[in-house]
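I have placed the structure first, in the form of structure tokens, so that the comments after it can refer back to it.
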Amino acid sequence: MEAGAIGPTLVGRRIILGVTGSIASYKAANLLRLLVREGAVVEVAMTRAATKFVTPLTFEVLSGHAVATDLFEAHQEMKHLTFPERADAIVVAPATANFLAKAALGLGDDFLTTMLLTANCPLIFAPAMDGGMWTHPTVSEHVRTLRARGVVVVDPEEGPLASGRIGQGRLAEESRILEAIQALLIPRRDWLGQRVLVSAGPTQEPIDPVRFISNRSSGKMGYALAEAAQARGANVVLVTGPTALPAPRGVEVVSVETTEEMAKALTTRLAWSSVVVMAAAVADFRPKDPAAQKWKKQARKETLLDLEPTTDILTSLSAQRTGQLLVGFAAETNDLILHATQKLKAKGLDLIVANDVTTAGAGFGSDQNAVILIDRHGAVTELSLRPKRQLADDVLDVAQRLLRPVSRQRPAGSRLEGR
């Protein structure tokens, strides 16, 4: 989105601009001017180190508001509480390595970091640093922590640094930071007219009335995809196995337990859908003859569990579809791209989302994941570790490029008809 291309985009939005002690602090003045041009109401909070590079007066003149620099001077008005209460977003640009560490650890030793501890609005950090600091393991860990909490981190750019070195550490261009703010504050409706059928969570195959076969899936990725598609304007139905997650707002939820129940629920709704996202981790086998009564310990010592295959839902849906975009998932432990590509071709998918479940901090039960996307043309997109809700939007971005125009699809009903 080009700044100003369609008129002011942030009219009436209240943004707090945090400025920390980096040589790139002067660029924050340009960012402030962009935000004001887009109609935002901007208030500025500076660290003491930032005032060594640019005076508060500069930001006061450009914003039209007094600049907060000292926690104790602002304490009488409790600005560290009132500032974030009326903010739609807090943007820290530039964000130094020192600031990222304090934010990740929850330290509050100045106005800006104390204010963050009281904030409930979205956060966007645009780091800037020199001398290879961005790739230092400690900085990387702090960035992962912040992203896992939902902070949007706009990666610095590569190029000449203040020290004369060449490396990644330059503050992102002001236009890139503005785009991140716009993406966060302006709802995207680019999936209007699409009817998205999402599966999520595990299935449970009963052994007896007490026990069952299942897997470690939490359902978080599927729920995140349903939430993201709904937020972007799609009409969404979520078919979910047992999870502990709350239903995404505005999404119709169909609860199932077994693989056969999930297969039936998805097949029934296939004709309605324009996009099917099979994020569920279904059981591949089920007990052939589930016991009517609970097995006792003595009996289990001598009993073999006779298993039979469950329905291959993805293959079945692929064979029955009439133009729907079909997205599958592959949870692997080795040879990720090879196995995912084989599954993509074998099941006739348009896109497959593959992840290595052995990756630290990712996979089942985690709030974040790292995946590789492979589409029907063979294009590969690698998405590094990030929150699953953010990842969901990234997956939808790639899937959207594979979509046929909505006008060429079946007319969309307000909800499922004939059910």
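Here, each number is a calculation from the coordinates, and none is a lab measurement. Computed from a predicted model, the values in this text were never measured in an experiment. Note: ideal-geometry Cβ built from the backbone for every residue, glycine included; neighbour counts use all protein chains shown.
For the stretch 211-348, go through all pairs of different Cα atoms, get the mean of 1/r, take its inverse, and jot down that Kirkwood value in Å.
One decimal place: 16.9 Å for the Kirkwood radius.
Cα axis of helix 220-231 to longest principal axis of the chain: angle in degrees, 0 to 90, nearest 10?
Compared with the principal axis, the helix lies near 70 degrees.
For the pair Ala346/Lys297, report the inter-label distance in nm, with labels modelled 7 Å from Cα in the Cβ direction.
For Ala346 paired with Lys297, the spin-label model returns 4.0 nm.
Suppose R0 equals 25 Å; then what is the FRET efficiency for Leu81 and Gln168 from their Cβ-Cβ distance, rounded to the nearest 0.05?
0.10
Taking only Cα atoms, what is the 0 to 90° angle, nearest 10, from helix 259-270's long axis to the longest principal axis of the chain?
Around 70 degrees separate the two axes.
If you count the DSSP beta bridges with both ends in the chain, what percent of them are antiparallel, to the nearest 5?
So the antiparallel bridges amount to about 30 percent of the total.
Of Lys264/Lys345; Lys297/Lys343; Lys102/Lys388; Lys264/Lys297; Lys220/Lys347; Lys288/Lys388, which ones are farther than 31 Å apart at the Cα?
Too far apart for the 31 Å limit: Lys297/Lys343; Lys264/Lys297; Lys288/Lys388.
For Thr118 and Arg401 in the same chain, what is the full-extension length gain: residue separation times 0.36 nm, less their Cα-Cα distance, in nm?
Gain on extension, Thr118 to Arg401, equals 97.9 nm.
Can you tell me which of 84-94, 245-255, 190-200 comes out highest on packing, and rank the rest after it, using the mean Cβ neighbours within 10 Å?
Result, highest mean Cβ count within 10 Å first: 190-200, 84-94, 245-255.
Could you order peptides 375-382, 130-137, 19-26, 146-153 by the average number of other Cβ atoms within 10 Å of their residues, highest first?
Output ranking for 375-382, 130-137, 19-26, 146-153: 19-26, 146-153, 130-137, 375-382.
What is the packing order of peptides 389-400, 306-317, taking the mean over residues of other C-beta atoms within 10 Å and listing the highest first?
Put in order of decreasing packing, that is 389-400, 306-317.
Run the quick spin-label model on Asp70 and Ser384: label points 7 Å from Cα toward the beta carbon, then report their separation in nm to one decimal.
Once both label points are built, they end up 3.9 nm from each other.
Please work out whether the stretch 14-185 counts as rounded, prolate or oblate from its C-alpha gyration tensor, where a ≥ b ≥ c are the square roots of the eigenvalues and a/c under 1.5 means rounded, while otherwise a/b larger than b/c means prolate and anything else oblate?
Note, shape of the stretch 14-185 comes out rounded.
May I ask you to derive the relative contact order of the chain, considering only C-alpha pairs under 8 Å and at least 6 residues apart, and to give it as an integer percent?
Once normalised by length, the contact order is 11 percent.
Place a label point 7 angstrom from the Cα of His339 along the Cα-to-Cβ direction, then list the residues of the stretch 271-298 whose backbone nitrogen is under 20 Å away.
Zone members listed by number: 278-286.
With n ≥ 4 as the cut-off for DSSP H runs, can you work out [θ] at 222 nm for the chain, using -39500 (n - 2.57) per run divided by the number of residues, rounded to the nearest 500?
-9000 deg cm²/dmol
Pairs of alpha-carbon atoms within less than 8 angstrom and 6+ residues apart define the contacts here; what relative contact order does the stretch 14-185 have, in percent?
23
For the chain, what is the charge dipole size about the Cα centre, in debye to the nearest 20, if Lys and Arg each add +1 at the Cβ and Asp and Glu each add -1 at the Cβ?
Dipole size: approximately 920 debye.
Taking the dipole about the Cα centre of the chain, with the C-beta of Lys and Arg at +1 and of Asp and Glu at -1, give me whichever of Thr258, Ser22, Gly167 is farthest to the positive side.
Comparing the listed Cα positions along the dipole, Thr258 ranks first.
Could you calculate the FRET efficiency of Ser140 with Thr267 from 1/(1 + (r/R0)^6), where r is the beta carbon distance between them and R0 is 45 Å, rounded to 0.05?
So the FRET efficiency works out to roughly 0.50.
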